[in-house]
Amino acid sequence: MYAFRHGSAWEVLAPAKLNLYLDVLGSRADGFHDLESLLVPVRLYDRLRWVPQPDRSRYSLRIRSLIANQPSLENDHPDNLVLRSAKRLADSAGVALNGTFQLWKRIPMQAGLGGGSSDAAAALVLCNAAWGIHYPVQRLMELAADVGSDVPFFLAGGAAVCRGRGEIVEKTPGLPRLHFVVAKPDASLSTPVVFEQWKKLRQAGGEASIPADGVSRVIQHLRHGNLAGVGNWVVNRLQAAASAVSPIVDRVVHFMARQGFAASAMSGSGTACWGLARSAKHARFLAGRIKKSFVGDVYCISSCSAA
Ligand code: C5P
């Protein structure tokens, strides 16, 4: 993630992510869950801009959604992850939170695509540059973990296996460019609600066991370009819980599984599902076909170049 200067303003593009593998290892005393997840940033972006204000002690946040059917986000809300990140950095560096933030949202919200976390990472990168703080990425990642579990991943750049509650990021170099179709139904899900449901399902028993080395198998197959092999190892442990809360997820998962992708699964805590195509052309072909029958949004997107 990089900040670009436009006159006195600065801008950052904040990518979405897909979870190509997500195992929940257990609940933790702090209310979070230990995870093992392979995340890949993809080329669907929110855009965050910072413009200086004459009064260096004032700030504001303006949000515009560029897509339909989204939960509305309140301008200037202090709980917004952009402002929380900026405040965290300002406090750490001993400067006043200042400037006008403008956020253009293209990443569907509450879909498991990481938009809010990516915006939070973007705010750290943006303010770090605009305020002349110049913290190294490692320092920003420490601040990021306080803001949200997925925020450090977006700062690290590229594909990574994330562990702990998500904040322990091990970069995964050497993956080829990957081509996806993402299907997002007209439904959204809250992450805490899905984790609560996962707990209930686990207590009720019957959770299938999965191999301990699943994530490294997925990575190995991706590195060798053996996309067909990936499908045997892909898992999203939250899929059953998300489907229990919002049954449409199960229908989308099964719909995507029938389309001829090398692999497919739900992303994060849902509701969006991805399919891994064999090439960019294959992705365009399948996206075109899916658009004819799928009720919801369909995106044809590839992984970011650093992935
Ligand atoms: O860290 P973040 O704010 O994105 O997490 C949102 C919510 O998702 C948490 O409050 C928690 O309920 C749930 N969560 C979890 N375990 C994780 C990550 C998130 O239970 N590893």
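The values are calculated or read from the model by the stated rules, or taken from the named source; none is laboratory data. All values reported here derive from a predicted model rather than from experimental measurement. With ideal geometry, Cβ positions are generated from the backbone for all residues, glycine too; neighbour counts draw on all protein chains shown.
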Would you confirm, using the coordinates I've provided, whether SER27 is at pLDDT below 95 and more than 19 Å from the chain's Cα centre (by Cα)?
yes
Exactly one condition in (1) out of contact with any Ser or Thr (no Cβ under 7 Å at 6 or more places or on another chain); (2) within 16 Å of the ligand (Cβ to nearest atom); (3) within 25 Å of PHE195 (Cα to Cα); (4) of a type outside the set (Ser, Thr, Tyr) is not met by GLN70; state its number.
(2)
Checked ASP119, ASP146 against criteria (at pLDDT below 95, in a helix (DSSP H, G or I) and either more than 10 Å from the ligand (Cβ to nearest atom) or more than 21 Å from ASN236 (Cβ to Cβ) (or both)); the one match is ASP146
Just the residues that are within 11 Å of the ligand (Cβ to nearest atom) and either touching a residue at least 40 places away in the same chain (Cβ under 8 Å) or buried (at least 24 other Cβ atoms within 10 Å of the Cβ) (or both), please, taken from region 154-188.
CYS162, ARG163, GLY164, ARG165, GLY166
Region 94-116: number of residues that are touching a Phe, Trp or Tyr at 6+ places or on another chain (Cβ under 7 Å) and part of a helix (DSSP H, G or I):
0
Return the pairs, sorted by first residue and then second, in which the second residue is exposed (fewer than 13 other Cβ atoms within 10 Å of the Cβ), the first residue lies in region 204-227 and is at positive phi, the beta carbons are less than 9 Å apart, and the residues are 6+ apart or on different chains.
GLY225/PRO176
When you scan region 29-48, do you find a residue that is assigned to a loop (DSSP other than H, G, I, E, B), away from the ligand (no atom under 16 Å from the Cβ) and closer than 23 Å to ASP150 by Cβ, even just one?
no
Is it the case that region 189-205 has a residue that's crowded, with 22+ Cβ neighbours inside 10 Å and of a type in the set (Gly, Ala, Ser)?
no
